[in-house]
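Since every read-out is calculated from the coordinates, none of them should be taken as a lab result. Please read these numbers as outputs of a predicted model, since none were measured by experiment. Glycine also receives a Cβ, built like all others from the backbone with ideal geometry; neighbour counts cover every protein chain displayed.
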Amino acid sequence: MQITDIEISSDGYCPKQARHLAHVCLTLADRIVTLFCAVELAEETGAEARRAAFLGDALRQMRRMPEFRAGRTRLEFADGLAAA
């Protein structure tokens with residue numbers, strides 16, 4: 001299944017948990033999936049590194065969903081999206 005758009009919102013740092021938190025919205029052909037992501041990075045980590053970490057956590061969560069875990073469907077990025 002092709003991911004056609006990625007939106008990361010509510011990006012913030014929680015000092016109590018020492019984590020960056022965000023909602024990652026993945027747009028697919030037949031659905032939009034919103035995932036709550038938490039990544040352990042230093043507070044001063046740059047935006048691109050945070051984006052990559054949030055996307056990695058979102059993909060990890062997606063791969064645990066039954067339709068992807070069973071191998072019936074594969075996740076892939078639309079042309080030019082992964083580099084964005």
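Here are a few things to note about the model shown:
- Summed side-chain charge close to residue 70 - residues other than residue 70 whose Cβ falls under 12 Å, Lys, Arg +1, Asp, Glu -1: +4
- Whole-Hz ³J(HN,Hα) from phi, Karplus 6.51 cos²θ - 1.76 cosθ + 1.60, for region 66-71, glycine and proline x: x, 5, 8, 4, 6, x
- Taking the alpha carbon gyration tensor of the chain, multiplying each eigenvalue by 5 and rooting it gives semi-axes of 24, 14, 10 Å, largest first.
- For the chain: relative contact order, % (alpha-carbon pairs under 8 angstrom, 6 or more apart): 29 percent
- Sites residue 10 and residue 64, calculated FRET efficiency, Cβ-Cβ separation with R0 25 Å, nearest 0.05: 0.70
- Helix axis angle, 47-63 relative to the chain longest principal axis, alpha carbon, degrees: 40 degrees
- Taking Lys and Arg as +1 and Asp and Glu as -1, the other residues whose beta-carbon sits under 15 Å from that of residue 43 total 0.
- Adding -39500 (n - 2.57) for every DSSP H run of four residues or longer, then dividing by how many residues the chain holds, sets the calculated 222 nm ellipticity at -7500 deg cm²/dmol.
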